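Each remark here refers to the structure printed beneath this line.
The values are calculated or read from the model by the stated rules, or taken from the named source; none is laboratory data. These numbers were taken from a predicted model, which means no experiment stands behind them. Quick reminder, even Gly has a Cβ in these numbers, built from the backbone with ideal geometry, and neighbours come from all protein chains shown. Ligands, DNA and RNA are stripped out before the accessible areas are found, and what is left, the full protein with its side chains, is counted by its heavy atoms. Shrake-Rupley method; radii C 1.70, N 1.55, O 1.52, S 1.80 Å.
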Amino acid sequence: MTFTIYKRELSSYFAQPTAYAIIVIFLLLSMIMTFSFGNFMRVGDSSLEWTFFFWHPWIYMLLAPAVAMKLWADEQRTGTIELLGTFPVSIWVAILGKFLAAATVWLVALLLTFPIVITVNYLGNPDNGQILSGYIGSFLVACTFLAITMLVSACTRDQVVCLIVSVAICVTMVLCGYDDFTRELSKAASPAVVEAVTSLGVWDHFRSLNRGMLRLQDVVWFASFIIVPLLGTSAILSAKRS
Amino acid sequence: MIEVENLTKSFGTKVAVNNLSFSVEKGEVLGFLGPNGAGKSTTMRMVTGFIPPTSGDARVCGISVVDQPSEAKKRVGYLPESAPLYNDMTVTGFLNFCASIRRLRGSAKKEAVERAIETCFLQSVARQSIDTLSKGYRHRTCLAQSLLHDPEVLILDEPTDGLDPNQKHEIRQLIRRLGETKTILFSTHILEEVEAACTRAVIVDRGVIVADGTPTELIEQSGTGSLTDLFRQVTTRDTAAPGEKKKSGKSRKKTAKAGA
Ligand SMILES: Nc1ncnc2c1ncn2[C@@H]1O[C@H](COP(=O)(O)OP(=O)(O)O)[C@@H](O)[C@H]1O
Ligand SMILES: [Mg+2]
């Protein structure tokens, strides 16, 4: 059943220009960043940590909500949620299917950045295990933002509202753990507050994966920031009906 | 086949459906009449398991929608009010999707989709994208979706709303034909439909049943030989002034007595 929903959502992404547009924008932005600000050709960063992966959360905070905003907002605007709600399947089936479809769009986008991996392998002698770990980290950040956007889209039938609110949340999560921001914050707030704010941010966990480490706290962080919004989606959809 | 027992639904302080009870026997086509806002859609949404009742229960083929929603939903085909569809799919694609969700596979699925397309006269648009369909075809596509799993019970919310007279006629014919083998509950505020398609009708007003009977009985009850008159007597107009409301309240008592 989940697969049926997954297939429908995925073909709906690729039946419209949305997915293509977002994938192309992602590829362009990530390449522009890598080659201009990232100074890819000069710094010789073969792990891709600073030149390539560093930019991903910044791009995702704007693009991931654009992918996931329609998931429930559209369903509520057109009333098709009433069809889903009267099919003999649990709402979880739909939540999972939709989430996996959106995640697949990002997986495709990430896989299409393969030329950069070929390039570093051609130019130098990188640690491909670390690059793979960087990709996993990047994908998990995307999944986190998708799950959060899905939660927001369950709250509204308006895609634009959903986009604005989710971008705001994702931007906050990117800024929260960012070094410059943390430095400024620590001048003004107590260490406990700084730590609490930083723990909401993606950087700590994203960086450790970039360096090829997978710590328990990273697994827990990503798992909870993906699963909790999905649980929330289910709770909001049921609450809206009663 | 459908048993509705003391079904109540409140939205905040607003009571949309108030302690409603009725039943639809096998082979009956029950017309569910009432002015806009009477609570028809809310009742149907509860019977189909889309929204949970505040209190009370509904049973489909003896299965409670509150206790065993999945089992009950398997036996029901539902056409929601505005015939919602996934606009980015083709008619066949959409029906295939709905059939898969209804756990139909392989040749059973193919046959079910073909049968539904035939029943609802969708052959000419089967490969067309749904967002290019006219309203009549949209309605019929959504209706086809409700027939895929050959349900024992059909619940249709304003199946003829917004259609032209030819299309209305076709849908009524279809309902009558389907009614030969299925139990149907359909809502409408068009009174000719009652005589054209129903074996029995109930009129609801503000969440309460105010009249119940076969079309002939209801016409007798009206006293003037017109269903419209009965409808106007027993239901509240949303523009009614307080004085008028009292009057309609009185006449309601009269008709209730006449019905008893
Ligand atoms: N989700 C909801 N929240 C609040 N009020 C609602 C909701 N759905 C329906 N209502 C109210 O319940 C009443 C009955 O609505 P409905 O069942 O759609 O009537 P009908 O289908 O007979 O026209 C209306 O007054 C409507 O405003
Ligand atoms: Mg209605």
Quick one: Cα convex hull volume of chain B, Å³ per residue? 132 Å³
Selected from A:Ile148, A:Ser12, B:Val60, residue furthest toward positive end of dipole (the protein assembly as shown; charges at beta carbon): B:Val60
Using the Cα centre as the reference, give the magnitude of the dipole from point charges on the C-beta atoms of chain B (Lys, Arg: +1; Asp, Glu: -1; all else neutral), rounded to the nearest 20 debye. 460 debye
Would you kindly state the longest site-free stretch of chain B, with sites defined as GluC sites (Glu not before Pro) in a DSSP loop (not H, G, I, E, B) surrounded by at most 14 other Cβ atoms within 10 Å? B:26-179
To the nearest 20 Debye, how big is the dipole of the range B:168-218 about its Cα centre, given +1 on the beta carbon of each Lys and Arg and -1 on that of each Asp and Glu? 200 debye
Using square roots of five times the C-alpha gyration tensor eigenvalues, list the equivalent-ellipsoid semi-axes of the protein assembly as shown in whole Å, biggest first. 55, 25, 18
Roll a 1.4 Å probe over the protein chains and send me the accessible area per residue for chain B in Å². 44 Å²
Which of A:Leu123, A:Cys162, A:Ser242, positive extreme of dipole for chain A (C-beta unit charges): A:Ser242
One quarter of the convex hull surface, Cα atoms only: what value does that give for the range A:2-241 in nm²? 14.1 nm²
Along Cα→Cβ, 7 Å out, is where each label goes; now give me the distance between the ones at B:Asp67 and A:Ile164 in nm to one decimal. 4.8 nm
Can you sort B:Tyr137, B:Tyr86 by solvent-accessible area, 1.4 Å probe, largest first? B:Tyr137, B:Tyr86
How far, in degrees from 0 to 90, does helix A:114-123 lean away from the longest principal axis of the Cα atoms of chain A, to the nearest 10? 10 degrees
Filtered trypsin sites (Lys or Arg not before Pro), the range B:71-162: DSSP coil and at most 12 other beta carbons within 10 Å: B:Arg105, B:Arg127
Within the range A:60-99, the residues whose backbone N lies under 20 Å from a label point placed 7 Å from the Cα of B:Thr119 along the Cα-to-Cβ direction are A:83-89
Each label point is 7 Å from the Cα along the Cα-to-Cβ direction; what then is the distance between the points at B:Asp131 and A:Leu123, in nm? 4.1 nm
Given a Förster distance of 35 angstrom, what is the FRET efficiency for A:Ile236 paired with B:Arg232, based on the Cβ-Cβ distance and rounded to 0.05? 0.25
For helix A:159-176, report the angle its Cα long axis makes with the longest principal axis of the Cα atoms of chain A; keep it between 0 and 90° and round to the nearest 10°. 30 degrees
Electrostatic dipole magnitude of the protein assembly as shown [Cβ: Lys, Arg +1; Asp, Glu -1; Cα centre; debye, to 20]: 840 debye
Under the Kirkwood approximation applied to all pairs of distinct alpha-carbon atoms, what is the hydrodynamic radius of the range A:79-189 in Å? 17.2 Å
